[in-house]
Amino acid sequence: MLEQYSRPRQNGVNAITIREDDRVIEVRMTNGNNEIIIANRNGRAIRFHEAAVRVMGRTATGVRGITLDNDGQDEVVGMICIKDLETESVMVVSEQGYGKRSEIEDYRKTNRGGKGVKTMNVTDKTGKVVTIKSVTDENDLMIINKSGITIRLKVADVRIMGRATQGVRLINLEKRNDQIGSVCKVTTESLEDEVPTEEIEGQIPVDPTAETFEDTDTPDVAENNEDENKEE
């Protein structure tokens, strides 16, 4: 509960007790009636209601959300909090630049702690899953490669497809021998909000229809100063 964070300290407070081989990767605010989807690196995801996780103390270890594979490499890559089933969809992105959108209802609701269902068909071509996001058509995706290259694309340009497919190529990484490093979603910019090219280049656009006015104050000041000098 938020009440347990009402008295923050200068160096912070413990939010969870974790093991030495574990770490926190996602934090989301919920209202008590949201649904959660957790995805792992091997391409599976589990959907459950947040009521399946009981309220507990701030420093508790917590309960299991998803069961990972025993291959020594599997791990959780992300968690999303579903707030609007009608407008939101699930976006997953893989290491080699592939991504896909799926309807939330394609993920059957189960109890927490299970192995989940396939959220992406992971192959050598796609690479492992690196992130999962809840998106709408009003979002853009910012994709950053490990080499530092960044691209921005509209979520609406990625069609919705089946949950168990491998998706489409969002960015070509074959020639660069690169991988996806990080993905975040941002609000789509409308054409009206875009900055004009002249302003980007440091130029101020001039409106040819605007009225111009002569500065008549300066000459008057000069004349008054001359009169004062004559009187002296």
*Where the centre of each part is set by its Cα atoms, how far does the stretch 148-189 sit from the stretch 8-85, in angstrom?*
24
*Provide the packing ranking of 6-16, 139-149, i.e. peptides ordered by the mean count of other C-beta atoms within 10 Å per residue, highest first.*
139-149, 6-16
*asked:* Give me the net charge for the shell around Gly72: Cβ to Cβ below 14 angstrom, other residues only, Lys and Arg +1, Asp and Glu -1.
replied: -3
*Rounded to the nearest 10 Å², what accessible area does Glu189 show when all protein chains are kept and the probe is 1.4 Å?*
100
*asked:* Residues of the stretch 62-90 with backbone nitrogen within less than 15 Å of a virtual label 7 Å along the Cα-to-Cβ line of Val24, please, listed as ranges.
replied: 62-63, 79
*Packing-wise, with mean Cβ within 10 Å as the measure, how do 23-33, 171-181 rank, highest first?*
171-181, 23-33
*Listed here are the pairs Lys128/Lys175; Lys118/Lys185; Lys125/Lys146; Lys118/Lys175; which of them are more than 27 Å apart at the Cα?*
Lys118/Lys175
*Can you send over the carbon and sulfur percentage of the accessible area for the stretch 72-189, probe radius 1.4 Å, protein chains only?*
44
*asked:* At 7 Å along Cα-to-Cβ for each site, give me the label-to-label distance between Gln73 and Arg54 in nm.
replied: 3.8
*Residues of the stretch 69-110 with amide nitrogen under 11 Å from the 7 Å Cα-to-Cβ point of Leu153?*
93-94, 97-101
_R0 of 25 Å, Cβ-Cβ distance Arg9-Asn34: FRET efficiency to nearest 0.05_ = 0.30
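The values are calculated or read from the model by the stated rules, or taken from the named source; none is laboratory data. Here the structure is a predicted model, which means the values were calculated and not measured. Methodologically, a virtual Cβ is constructed for each residue, glycine included, from the backbone with ideal geometry; neighbour enumeration extends over all protein chains shown. Side chains included, ligands, DNA and RNA excluded: accessible areas come from the protein's heavy atoms. Shrake-Rupley method; radii C 1.70, N 1.55, O 1.52, S 1.80 Å.
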